[in-house]
Amino acid sequence: MGSSLNNACSKFVILCPDKKNNFQTVSLSRKTVTSRIEAIDKNLTSQLESKIGQFKFCSIAMDESTDINDIAQLVLFIRGVDENFEITEELACMRSLKKKENKGM
């Protein structure tokens with residue numbers, strides 16, 4: 001993950017050389033990246049909870065698909081309508097479905 005972020009930052013520096021110093025001070029340690037991902041997750045969860053609190057009607061949809069590694073992925077969407085009839089649809093979560101071994105065969 002750090003190398004792809006480094007590549008993106010390098011491309012940005014080419015486009016905006018005056019911002020180079022801003023990227024040189026960014027920490028890409030595993031702990032820092034994990035902390036930032038957790039902060040983003042907390043913020044997005046809070047936003048979703050706030051939106052759900054405004055829904056007058058809602059539904060949950062699930063779908064299963066297989067990724068390029070032949071692992072089944074389950075996704076859960078939440079769709080709701082608020083008092084102004086604005087429709088919101090958000091991806092709530094995505095989980096890998098592990099294959100269970102059939103030990104009897």
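Numerical summary
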read-out	value
Which numbered condition A39 misses (of (1) under 14 Å from the mean Cα position of the chain (by Cα); (2) in contact (Cβ under 8 Å) with a residue 12 or more places away in the chain)	(2)
Selection count, the stretch 35-67, where residues are more than 30 Å from I87 (Cβ to Cβ) and either modelled with pLDDT under 90 or touching a strand residue (DSSP E or B) at 6+ places or on another chain (Cβ under 7 Å) (or both)	1
Filtered residues of the stretch 64-78 (kept if within 17 Å of the chain's Cα centre (by Cα) and more than 11 Å from R95 (Cα to Cα))	D67, F77, I78
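The values are calculated or read from the model by the stated rules, or taken from the named source; none is laboratory data. This is a predicted model, so every value here is computed, not measured. Cβ: placed from backbone, ideal geometry, glycine included. Neighbour counts: every protein chain shown.
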